[in-house]
Structure formats: structure tokens, C-alpha cells
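The values are calculated or read from the model by the stated rules, or taken from the named source; none is laboratory data. Note that the structure is predicted; figures quoted are calculated from it, not measured. For neighbour counting, all protein chains shown are included, and Cβ atoms are generated from backbone atoms with ideal geometry for every residue, glycine included. Protein only, heavy atoms only, side chains kept; ligands, DNA and RNA dropped before computing areas. Shrake-Rupley method; radii C 1.70, N 1.55, O 1.52, S 1.80 Å.
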Amino acid sequence: MAEKATEPSEEDIMGLCQDMFSKMAMYMMGELTTTSENYKLLENMNKLTSFKYLEIKDIAVNISRNLKDLNQKYAALQPYLDQITLIEEQVAALEQAAYKLDAYSKKLEAKYKKLERQ
């Protein structure tokens, strides 16, 4: 015994429509809240990133200042470094002269001993 399909009453349709619209409103409110929270999160991330970039900028400025100071100190030391290089070269030349003098004196000593034996 099959029941005959009947059309729902106007009252049932209105209740179902009101239920659908309230659930749709809740869904849309959830979507808007989520979107709003996402924008707040992005705003906070942008603020934090901006702060970090300011810190990095300060570090870079300090490094640049220190590098300039070091370059100035190096420039002030350059004449002394040049003198040290010149002294090193002179010491090397003097060392070579000492080796040559030593070799020459050994030759002279050998000649002297040879002459002494004769």
C-alpha cells in the first residue's frame, strides 16, 4: 500500500527555508571569520617581518661602519706595513750577503791552510 506523495505545506516550506537560511548565514559567518583571522595573521606576519628587516638593516649599518673604521685603521697602518716589507727585503738581502761572505771566508780559509802546508 503505497502512500500518495503530497506536497509539503506552506508552513513546512517556510520552516525549511528559515532553517536553510540560518545555516547558510552560520556558514558564511564562519567563512568570513576565517578570512578575517587569516588577514589578521598576515598583518602580524608582515609587522614581524618588517621588524626583522629593521633589525637586519641596523646590523648591516653597524657592519658597514665597522668596516669603514677597519679600512681607515688599515690605511693608517699601511706606511708601517710598507716599512716592514722593506725591512724584510733588506734582511733577506743581508742574509744572502752573509751566506756569500761565509762561503768566501771558507774558501779563503781553505787557501790559507793550503798555503800554510806548502
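Odds and ends about this structure:
- Condition met for TYR74 (in contact with a helix residue (DSSP H, G or I) (Cβ under 9 Å, 6 or more places away or on another chain) and either assigned to a helix (DSSP H, G or I) or at pLDDT below 95 (or both)): yes
- Residue match in the range 37-53 (condition: surrounded by 10 or more Cβ atoms within 10 Å (Cβ to Cβ) and under 14 Å from the mean Cα position of the chain (by Cα)): yes
- Residue in the range 20-30 that is open to solvent by 90 Å² or more (accessible area, probe 1.4 Å) and more than 52 Å from the chain's Cα centre (by Cα) present: yes
- Qualifying residue in the range 65-83 (condition: without any contact (Cβ under 8 Å) to a residue 12 or more places away in the chain, surrounded by 10 or more Cβ atoms within 10 Å (Cβ to Cβ) and more than 36 Å from the chain's Cα centre (by Cα)): yes
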